[in-house]
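See structure below.
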Amino acid sequence: MSLFLIAAIRRDRRGEVSHVHWGKVDPETNTWLEEPSDAPVEDVIGALDSGDDVYTLHLVDGMAVPPGRPVIRKVLANGTETIQGAPASPEDVDQRGLEDLPEF
């Protein structure tokens, strides 16, 4: 199982996430295992299907803060799949999610 962090998102004309800027991270050292790159949302769904963990990455004053909420699959009414941030738990109400990421 791998850990991926999403640093930015792109939305389609309906406002759904269509692309991400993301990369694989070493959770022991908090370093990128691969340079972050742009990818279609289908790649994120594939990672989730493979059992990988996907979280959001937020910067405050240029510094990364602890990962935000997990990213989960979202199925639209027409059957198309995209992603969304997991709901905040009561103890993590201040934790940032996918909706808080910058857009590219």
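Computing Cα Rg over 2.2 N^0.38 Å directly from the structure and comparing it against (1) 1.20; (2) 1.02; (3) 1.34 singles out (2). The simple spin-label model puts a point 7 Å past each Cα toward its Cβ; for Ser89 and Arg13 those points are separated by 4.1 nm. If both residues of a DSSP beta bridge must be in the chain, then about 80% of such bridges are antiparallel. Taking 0.36 nm per intervening residue step and subtracting the Cα-Cα distance, what contour gain separates Thr31 from Met1 on full extension? So the chain would gain 9.2 nm between Thr31 and Met1. Over the stretch 3-86, calculate the relative contact order: mean separation of alpha carbon pairs under 8 Å at least 6 apart, over the residue count, as a percent. Relative contact order for the stretch 3-86 comes out at 25 percent. A Cβ-based charge dipole, computed about the Cα centre of the stretch 3-86 with Lys and Arg at +1 and Asp and Glu at -1, lands at about 500 debye.
Every number in this text was worked out from the coordinates using simple rules, so none of it is lab data. Quick caveat: nothing in here was measured; it's all calculated off a predicted structure. Glycine also receives a Cβ, built like all others from the backbone with ideal geometry; neighbour counts cover every protein chain displayed.
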